[in-house]
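A quick write-up on the structure given underneath.
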Ligand code: HEC
C-alpha cells in the first residue's frame, strides 16, 4: 500500500514548487555527503590501504554527516536494507522506498532513483539510491581480503553490508528535514 502511494507521487506530473525546492536542497546535501566521503575514502585507500580506510569511514562518515546536518536544520545520513553500522538501520518506510529503488535499478540500471515523501512522523524525508561501484568492493563486495574482513568484524560485529555486486543497490542517502 505504502509503495503504491509512493509510485503515484513519483509519477505525478505536477510537483508543488515548495517540494521541488526541497528536492533540490536535498539532492545538493546528498551529493555533498557523497563527494566528501568518496574523496576522503580515496585518499585514505591510496595512502594506507583498506584496513586504515575503515577507521576513516568509521570516524569521518558520522562527522561529515553531523556537520552537514547542523548547518541545514536537517539530519543528513545514509541507510541501507543491509547495514554495517546499526545506527544507520532503516525504518519500515525507508525499507519500502529502498525495495522500490531495487526494483527500479533492476529495470533501468543507469538511473539513480530519488524520492521525497512525508514520513508518518510528519517530517519530510528525501532518499536517493546509492548504487554499488567497483571502488566499494574492497569493503562491501563478495571477495573481501581476510585482514579487511577482520578489521570490519572488530568494529562492526553485526555487519550485514558485504556480498554486493556492481550495480546492486548498496544503500540510500537519507535527508530528514526537521519539522519547522
Ligand atoms: C575502506 C572500506 C570501505 C569502502 C571502500 C567503502 N565503504 Fe561503505 N562503509 C564502510 C564502513 C566502515 C561503514 C560504516 C560507517 C559508519 O560507521 O557510519 C560503511 C557504511 C556505508 C553505508 C551506510 C550504511 C551502512 O551500511 O551502515 C553506505 C550506504 C556505504 N558504506 C556505501 C559505500 C559505497 C557506495 C562505497 C563505494 C563508493 C563504499 N561504501 C566504500 C567501509 C567502506
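The numbers here are math on the coordinates, done by the rules we state, and not lab data. Owing to the predicted nature of the structure, the values given are computational and were not obtained by experimental measurement. Cβ placement follows ideal geometry from the backbone for every residue including glycine, while neighbour counts extend to all protein chains displayed.
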Task: Positions within region 120-163 being more than 10 Å from the ligand (Cβ to nearest atom), in a strand (DSSP E or B) and in contact (Cβ under 8 Å) with a residue 60 or more places away in the chain, in sequence order - done: 124, 126, 128
Open item on the list: Just the residues that are more than 14 Å from the ligand (Cβ to nearest atom), touching a residue at least 40 places away in the same chain (Cβ under 8 Å) and assigned to a helix (DSSP H, G or I), please, taken from region 44-74.
Closed with: 72
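Specify which of the listed residues (41, 116, 33, 81) is within 13 Å of the ligand (Cβ to nearest atom), outside any helix (DSSP H, G or I) and surrounded by 15 or more Cβ atoms within 10 Å (Cβ to Cβ).
Values: 41 fails: outside any helix (DSSP H, G or I); 116 fails: within 13 Å of the ligand (Cβ to nearest atom); 33 fails: outside any helix (DSSP H, G or I).
After applying the criteria, what remains is 81.
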